[in-house]
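The structure under discussion appears below in the form of structure tokens.
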Amino acid sequence: MAVVSKLNNLVELAKEKSSERRRTLLREVTDLFFEETPESGSATSHKFDELLSSLAEQTARDAREELSQRFADAPQAPRGLVLQLAQDAIEVAAPMLARSRVLTDDDLLSIAETAEQGHLKAMSRREEVCERLSDTIVRRGDDETVAQLIRNDGARLSRETFETVTERAESSPVLQGPLVERGDTPNDLLADLMLTVGNSLRERIMERFDAVDPAVLEHAMNASRARLAQRMAEDRDIAAAEKFVQTMALRKQLTGNLLARLLREREYSKFYAAFAEMTGVDYVAARRAIRQESIDPLALICKSAGFDKALFVTLAVLRHAAGEDAFRDARELGQLYDAITADDAARAMRFWRMRKNMAA
């Protein structure tokens, strides 16, 4: 009963107007709570909750930050106080959102629906993140927040969420590294990234594939091809472009000059189809090699196909439809192309051509 008596005295003192006194009282009540922690759900616990919440609401932010740090790891922390602090400014909320086990998944989901990026990022650092919360963080989070989530091995991701993040990663280098390094990223989604990531991450993917059973890898590459083809199914120009390529092949006109002309004239569908046919990759890979920022995939594909340096440089500068200064980087591009070995190109192409062969 001593704790109740002390708590009642502090309740009376809390009626004082002085903000400095309230801060002191907040510390005293907090100390009392940890000295004789009440049973969760008890009347004493409710009284602590009411007093702490009231004092916290009326004290400066730095005092609330201190309070949040002290209660974030307390399994019997007053629930009302925890919820209040978890929805405060990020400096106050972060410890609660990242560590408090008093917060349920439903609590976190409710907060996540309206939270700002800092709050979402704090949630993404929790020791365990359920699939539903991961889904919400990916849906509402920016790339930095989502990357934080992906780096957290304790975050569980649904298949649908993995696919969403992978699609975003095609245009976001921030997401690529965490996805490639995450141990449970599905193999077929790693295959999706093969033509998107830079050389070091591509090498990491190929190392992972080398350790995969061939039958499992074949299934993954087939799933990658089918999914990416489905995403492009609405492109009505593809069928017409493939017919055009067949005609050019019969006429013996499927050449580097044709590729350069198609790209210069922005006949993109025909170019992708022709480039795919001449290099042995699929249409998706051909399109990605031209449309993404990194020049590496285009260089690897051209080198493997035996294209001369002049053709590669021409395609590299034409892909951005540049103006009169387009060839100012030609020398650098040529040096990059010369630096790629046939073995490097062949190793990467093994996986891209495997995917195309699935469609045959």
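The values are calculated or read from the model by the stated rules, or taken from the named source; none is laboratory data. Owing to the predicted nature of the structure, the values given are computational and were not obtained by experimental measurement. For the accessible areas, the whole protein counts, side chains as well, though only heavy atoms, and no ligand, DNA or RNA atoms are used. Shrake-Rupley method; radii C 1.70, N 1.55, O 1.52, S 1.80 Å.
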Item to check | region 143-174 versus region 77-117: alpha-carbon centroid distance in Å | outcome: 22
Item to check | Kirkwood-Stokes translational diffusion coefficient of region 33-150, alpha-carbon pairs, 10 °C, 1.306 mPa s, µm²/s | outcome: 110
Checklist entry - What is the ratio of the Cα radius of gyration of region 72-118 to 2.2 N^0.38 Å, where N is its residue count, to two decimals? => result 1.01
Item to check | Proximal lysine pairs, the chain, alpha carbons under 30 Å, eight or more residues apart or interchain | outcome: 19
Checklist outcome for this item: Kirkwood Rh over alpha-carbon pairs of region 112-181 plugged into Stokes-Einstein at 37 °C, 0.692 mPa s gives a D in µm²/s of 283
Next on the checklist: Just the number please: accessible area per residue for the chain, 1.4 Å probe, all protein chains included, in Å².
Outcome noted: 49
Checklist entry - Scattering from the C-alpha atoms of the chain alone, worked out with Debye: what is log10 I(q)/I(0) at q = 0.09, 0.11 1/Å? => result -0.65, -0.80
